[in-house]
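Here is the structure we will look at.
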Ligand SMILES: Nc1ncnc2c1ncn2[C@@H]1O[C@H](COP(=O)(O)OP(=O)(O)O)[C@@H](O)[C@H]1O
Ligand SMILES: [Mg+2]
């Protein structure tokens, strides 16, 4: 964790909606350089959307996101692509290209963006595959990989261009305990060994908290709480406590908004009688 | 009644919006067309996927259609003692109409649907977003090579369809029904004009090539990124491009051959 004081990603008064649905209404957050920041929130709050906004795939309707001093939404296409080469993103599914094997998938960004000789590409790819433990899987096709292996291969691909930051979208979802452990270990070692900034988006609490240095909790378009994992545990917010402890009822009600129960039953009877 | 009008209005708005997105998509794809021209391997792959893989169904269908045309044509012509003109009838029908149209329909069913499914799957498994995040433009890498390859492949396939069809007509007309071989070929040669018939047929095939591939690629890129979304986009490609081929064929025929 080098230099915790500088901020790599600044999110200011972010507004974004999909159709009539408001996803962010004035979100503010800072993601410090170096270290692992986890963004927590229930499913459907817009965590994936936030990563896409950081990557410039979507444009905010108001407010902005600054990455390494550049306003992402205001960049020209060329500058945006230059910035994206310095950020890696791991999608939930891995997003490996299905018609290429693992080796070619990892080599893909190098072949597209550089003029490096094939012998050097070979070495670089093997180094990255070794780092994620998949040197032996280089000839497999993505369909032959388990979910955890696909994510590791995607991590190797994201690392091959030596990015300054990596974004992980739900890296722990649907993993068995062993590959979960492997992923946690990998994310953490890769981050410190390469001096990266990592952003993890997740709703898997315990896992995410165990390796992160900074946590941002979002709900209903706003930040509810931000701080170190310890600060979060001691949060005074009922909502955060419900989320952390997984209680089924609290500020987030178990029952979705519905008419009065007794009245509802009565109208059903009336309708059947008619 | 009010509901009907309302949903009609909503449907119309929706269709206009979709058409707008499709046009924008086409423009962006055409602007990216330099990439597959510079990088031949990209184009080559797609020529194989949409052209070569469709070839066998085109050849077999062309042969059968030509044979049927000869059978039907012979039965009509022989009543007027004009069976010598069989070659003309077969060639006209194939070159002007059935070559481009049937090829367009078969291409939509074979290559177009495959293309929609492939792109839809790439979208739903986040491969397209993944490319963008790796600073690789999907228009250049994915869409443009497919559009260009399909645009090149369809007219060539249509030409082969017609050629094989004429041979099929020969097989049935000359070998089976006993039309004079010399008459079959020489009447065909003197009646079919390159400019009026072959070229117009080619223009049809070129138009279908653009439209079918445009529909197929857009359907994939615009689908709802779920398994159901990909499935319905694939069906949509076949339905929409078949209708487009038949509708445009009428328009083009009216313009080309009615005067
Ligand atoms: N392509 C899209 N079109 C319309 N709505 C979408 C799209 N993608 C996501 N949404 C909606 O945006 C909201 C946030 O989605 P997402 O960012 O995927 O949430 P999370 O990753 O936190 O689960 C969800 O309610 C979802 O239904
Ligand atoms: Mg998500």
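Restricting attention to the stretch A:27-61, the residues that are surrounded by fewer than 19 Cβ atoms within 10 Å (Cβ to Cβ) and at pLDDT below 90 add up to 3. Across the stretch A:166-197, the qualifying residues are those that are surrounded by fewer than 17 Cβ atoms within 10 Å (Cβ to Cβ) and within 16 Å of ligand 1 (Cβ to nearest atom), and the one among them that is farthest from residue A:92 (Cα to Cα) is A:174. Part of a loop (DSSP other than H, G, I, E, B) and over 27 Å from residue A:23 (Cα atoms), is that true of residue A:100? Judged against the criteria, residue A:100 is a match.
Of all the numbered requirements in (1) within 16 Å of ligand 2 (Cβ to nearest atom); (2) outside any loop (DSSP other than H, G, I, E, B); (3) within 22 Å of residue A:227 (Cβ to Cβ), residue A:8 misses one, and that requirement is (1).
Say we look at the stretch A:138-155 and pick out the residues that are more than 13 Å from residue A:183 (Cβ to Cβ) and part of a helix (DSSP H, G or I); which of these is nearest to the chain's Cα centre (by Cα)? Taking the candidates together, the pick is A:142. Restricting attention to the stretch A:201-216, the residues that are within 14 Å of another protein chain (Cβ to nearest Cβ) and more than 13 Å from ligand 1 (Cβ to nearest atom) add up to 0. Checking each residue in the stretch A:70-97 for being away from ligand 2 (no atom under 16 Å from the Cβ), within 18 Å of residue A:54 (Cβ to Cβ) and either in a helix (DSSP H, G or I) or at pLDDT below 90 (or both) picks out A:72, A:73, A:74, A:77, A:79, A:80, A:81, A:82, A:83, A:84. Residues in the stretch B:112-139 that are within 10 Å of another protein chain (Cβ to nearest Cβ), part of a helix (DSSP H, G or I) and closer than 24 Å to residue A:88 by Cα: B:121, B:122, B:124, B:127, B:128, B:129, B:130, B:131, B:132, B:133.
Screening B:243, B:202 for residues that are free of Cβ contacts under 8 Å to residues at least 40 places away in the same chain and over 30 Å from residue A:112 (Cβ atoms) leaves exactly one candidate, B:243.
Matching residues to (1) within 27 Å of residue A:145 (Cβ to Cβ); (2) under 19 Å from the mean Cα position of the chain (by Cα); (3) modelled with pLDDT of 85 or more:
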{"site": "A:202", "(1), (2), (3)": "yes, yes, yes"}
{"site": "A:213", "(1), (2), (3)": "no, yes, yes"}
{"site": "A:225", "(1), (2), (3)": "no, yes, yes"}
{"site": "A:244", "(1), (2), (3)": "no, yes, no"}
{"site": "A:255", "(1), (2), (3)": "no, no, no"}
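The values are calculated or read from the model by the stated rules, or taken from the named source; none is laboratory data. On a predicted model such as this, the values are computed, not experimentally measured, just so you know. Cβ coordinates were reconstructed from backbone atoms using ideal geometry, including for glycine residues, and neighbour counts include every protein chain displayed.
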